[in-house]
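As structure tokens, the structure follows; a few thoughts come after it.
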Amino acid sequence: MSIAEMLANLEDEAVMAEVKKQISDGVEPMKIFEACQEGMNIVGKKFQDGEYFVSDLMMSSAIFKDVSDVIKPLLGTEGEATIGKVVLGTVEGDIHDIGKDLVHAMLSAGNFEVIDVGIDAPVDSFVNALKENPDAKVLALSCLLTTCYDSLKATVEAVKEAGLTDVKIIIGGGPVDQSVVDFSGADTYGETAQDAVFIAKELM
Amino acid sequence: MQTNKLYDERLELYKKTIKFENERPSTAYGGPATPAAHMGMTIKDYIFDTKRGFKAYIDYINLLNNEAPVDVINTPYAGLFHIPISMMWLSKVKAPGIELPDNSLWQVMEKEMMKVEDYDKILEQGWAEFQQEFLPKVLDMKDLQKFIEYQMAEGPEQAKAMIDNSYPLVNSMGFTPPFEALCGARSMTKFFMDCYKLLDKIKDVQDVMFPVQIEGALQAMKQSNAIGGWVGGWRGASGMVSPKIWDTLVWPYMKKAGDKLLENGFIPIFHLDQNWDRDIERFLEMPRQSCILNTDGMTDLKRARKLLGDHVAFMGDVPAPLLSNGTPETVSDYVKELLDSVGPKGMMITSGCDTPANAKFENVVAMYKTAVDYK
């Protein structure tokens, strides 16, 4: 069974053993890493098809993170190449982190670099992160409380007022739908962590 | 406790709705924090100044009831609510005016409070002893004492006021199945990983926990002459966990909890957050027309009705964003579409999960008004 298949089957110990074996056998680290990413793509597809569920996404993300920790130091400058950069955080007033962390994991697995400003993040922290990372083309905002819609809106407005008009803004979280996109002025929303990856790729 | 005619009629309507004998859809109130803003209180004052807070809660429901009937209450007043939430989730809960701004909603802190070694401890010590040792990690025991004193002092007055105002409280307490409690204590990410790696051990742990948990819940319900209570499911939703985890760790305990409530004369309300589509047919395993599925808008009730027929009543499911961001027209349209899909029999209209703290009053009114007026 290939690394990609093992990862897609969520066989954590087998994946790690095979990764270590291939490294010691002299297989090019980038090839091993790409196999892991392929495994994550299969997981994403299974999730989309309703065959996998949130726990499966979390398990696959944990496996991916563990093997990435082993492979990435071996990649050198080649490993620094990503699809793009995303600034991510949970808006001010909201301390929920699970959804944000899952989006972070899925974006990383999708080969995005993620600048995570954390939870209960003030408007300025998003604006500053975007200014410090002018190559970040996407801002992803998480919100799990209806009472924080105003924070979403304030963040979107601050980003626009700061002149960062090229940045596309995705929102997500339990009570987020098109009406919240309309209210906040964001560009779009994602229903799942996997959606965030697809949308970010489209927006890049 | 002495009831009154309207209270008895409403309770009768509730029971008829479960039996699919209701003439019109019934309605249920479900906003633990919603009254605060409308009644001019901060969330902090609303939950800590319990006498004023409870009065605001009843007054708010009465204001709604003046516009359209509120038949039953599905969420009790949220006095010192961060304390019972902390006990239900086995997590630290940040409270307004303490760790959060005065007008913020209480929020559960997602943190690993229980270590992986603690599974063995529970197996060795039993749940009651472990819980006693664990609770101080997530809760100040002085706060727990305050909550008990508050419940003893004000609980009976509140129960009387609910009856005097003719509102049957159909959910006196929330039973947290062992899966949800462990998920809160371990933190979701850690616990979901455990479910893949230690499935059998967690099942053993849950088998130790369940009898103690359910006995405690039943005792509390008996003492308060409850009509029924919640059997909660949020992180154990079908959309959240794989079928193997659900079949092993979630459903058996939810079903057992429902059965136990029924055996003791209480009506179970399965409070189902997130999406339960994959496994919705499993509720056919509950005795016919004995319980309620209380969903939040993410479960497809139209499909559920097709699969479950008149076996189980529904309570739901107007989504929170609609009540906060929508208009009376959009709310009304949603309720009409829902009733067209599932029919009025065996249907109680309420918000999906909790009515949000910033729900517009006119939207909540529109929800109830449409429920009773729509033909």
(request) Run the dipole for the range B:5-373 about the Cα centre, Lys and Arg Cβ at +1, Asp and Glu Cβ at -1, nothing else charged, and hand back the magnitude in debye, nearest 20. (result) 220 debye
(request) Just report the Cα centroid separation between the range A:113-147 and the range B:130-161, whole Å. (result) 39 Å
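What area, in nm² and to one decimal, does the C-alpha convex hull of the range B:223-288 cast on average over all directions? Please list the in-between numbers first.
On the way: hull surface 18.4 nm².
Average projection, Cα convex hull of the range B:223-288: 4.6 nm².
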(request) Scan around residue B:93 for amide H atoms under 5 Å from its own, H built in the peptide plane at 1.01 Å from N, and keep only partners 5 or more places away or cross-chain. (result) B:109
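Provide a whole-number value for the mean count of partner chain Cβ atoms within 10 Å of the Cβ atoms in peptide B:229-241. Intermediate results must be reported in sequence, preceding the final value.
Working: counts 0, 0, 0, 0, 0, 0, 3, 1, 2, 1, 5, 6, 5.
Mean number of neighbouring Cβ atoms from other chains: 2.
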(message) Past 26 Å, Cα to Cα: identify those pairs from B:5/B:55; A:160/B:92; A:100/B:142; A:153/B:360, in the order given.
(response) A:160/B:92; A:100/B:142
(request) State the antiparallel share, in %, of DSSP beta bridges confined to the protein assembly as shown, rounding to the nearest 5. (result) 5 percent
(request) Please report the base-10 log of the normalised intensity I(q)/I(0) for chain B, using a Debye sum with one equal scatterer per alpha carbon and no solvent, at each q in 0.07, 0.11 (1/Å). (result) -0.29, -0.75
(request) Would you mind pulling out the separation of the Cα centroids of the range B:211-232 and the range B:253-319, in Å? (result) 18 Å
(request) Taking the Cα centre of the protein assembly as shown as origin, work out the dipole magnitude from +1 charges on Lys and Arg Cβ and -1 charges on Asp and Glu Cβ, in debye rounded to 20. (result) 1380 debye
(request) Quickly estimate the mean residue ellipticity at 222 nm for chain B, helices only: each DSSP H run with n ≥ 4 gives -39500 (n - 2.57), and the total goes over all residues, rounded to 500. (result) -16000 deg cm²/dmol
(message) What is the distance in Å between the Cα centroid of the range B:326-360 and that of the range B:73-102?
(response) 26 Å
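Under 8 Å for C-alpha pairs, at least 6 residues apart: give me the relative contact order for the range B:206-306, rounded to a whole percent. Don't skip to the end; give the middle numbers.
Working: 115 pairs, mean separation 29.5, N = 101.
Relative contact order here is 29 percent.
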(request) Per residue of B:330-339, count partner chain C-beta atoms within 10 Å of its C-beta, then hand back the mean as an integer. (result) 0
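Would you work out the relative contact order for the range A:56-202, in percent, from Cα pairs under 8 angstrom that are 6 or more residues apart? The partial results should precede the final answer.
Values: 246 pairs, mean separation 34.6, N = 147.
Worked out over the range A:56-202, it gives 24 percent.
So if we plug the beta-carbon distance of residue B:5 and residue B:121 into 1/(1 + (r/R0)^6) with R0 = 60 Å, what FRET efficiency do we get, rounded to 0.05?
Numbers: r = 53 Å, r/R0 = 0.89.
Result of the calculation: an efficiency of 0.65.
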(message) Taking θ = phi - 60°, what integer Hz values does the Karplus form 6.51 cos²θ - 1.76 cosθ + 1.60 yield along the range B:183-190, in sequence order, with x for Gly and Pro?
(response) 4, x, 6, 7, 5, 4, 4, 5
(request) Identify which of A:102, A:144, A:75 has the largest mean-square fluctuation in a Gaussian network model of chain A, with springs joining Cα atoms closer than 10 Å. (result) A:75
(message) Please compute the volume of the convex hull spanned by the alpha-carbon atoms of the range A:3-79 and report it per residue in Å³.
(response) 74 Å³
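Which three numbers, in whole Å and largest first, are the semi-axes of the equivalent ellipsoid of the range B:70-134 derived from its Cα gyration tensor as √(5λ)? Could you put the intermediate results ahead of the total?
Numbers: eigenvalues 168, 59, 16 Å².
Taking √(5λ) for each eigenvalue gives 29, 17, 9 Å, largest first.
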(request) Pick out which of A:165, A:90, A:188 has the largest mean-square fluctuation in a Gaussian network model of chain A, springs linking Cα atoms closer than 10 Å. (result) A:165
(request) Would you look at the GNM of chain B, springs on alpha carbons closer than 10 Å, and say which of B:13, B:284, B:169 moves the most? (result) B:284
(request) Using the Karplus curve 6.51 cos²θ - 1.76 cosθ + 1.60 with θ = phi - 60°, work out ³J(HN,Hα) for each residue of the range B:191-198 in order, rounded to whole Hz, and write x for Gly and Pro. (result) 5, 4, 5, 4, 5, 7, 9, 10
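Could you tell me the calculated FRET efficiency between residue B:15 and residue B:330, based on Cβ-Cβ distance and R0 = 25 angstrom, to the nearest 0.05?
Details: r = 32 Å, r/R0 = 1.28.
With R0 = 25 Å, the Cβ-Cβ based efficiency is 0.20.
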(request) Mind grabbing the base-10 log of I(q)/I(0) for the protein assembly as shown at q = 0.06 Å⁻¹? Debye formula, identical points on the C-alpha positions, no solvent, two decimal places. (result) -0.31
(message) To make sure I understand, if each residue's beta carbon is the centre and we count other beta carbons within 10 Å, what order do A:130, A:203 fall in, fewest to most?
(response) A:203, A:130
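Given the rule -39500 (n - 2.57) for each run of at least 4 DSSP H residues, summed and divided by the residues of chain A, what is its mean residue ellipticity at 222 nm, to the nearest 500 deg cm²/dmol? Numbers along the way, then the final one.
On the way: 9 runs with 110 residues, N = 204.
Computed mean residue ellipticity for chain A: -17000 deg cm²/dmol.
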(request) Let me have the relative contact order for chain B, percent, based on Cα pairs under 8 Å that are six or more residues apart. (result) 22 percent
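Which trypsin sites (Lys or Arg not before Pro) in the range B:279-333 pass both tests, a DSSP loop state and at most 16 other beta-carbon atoms within 10 Å? Walk me through the numbers on the way to the answer.
On the way: sites: B:282, B:288, B:302, B:303, B:305, B:306; in loops: B:288.
Those that pass, being in a loop and sparsely packed, are B:288.
Values in this text are rule-based calculations from the coordinates and carry no lab data. Note that this is a predicted model, so its numbers are computed, not measured. Every residue, glycine as well, gets a Cβ built from its backbone with ideal geometry; the counts of neighbours run over all protein chains shown.
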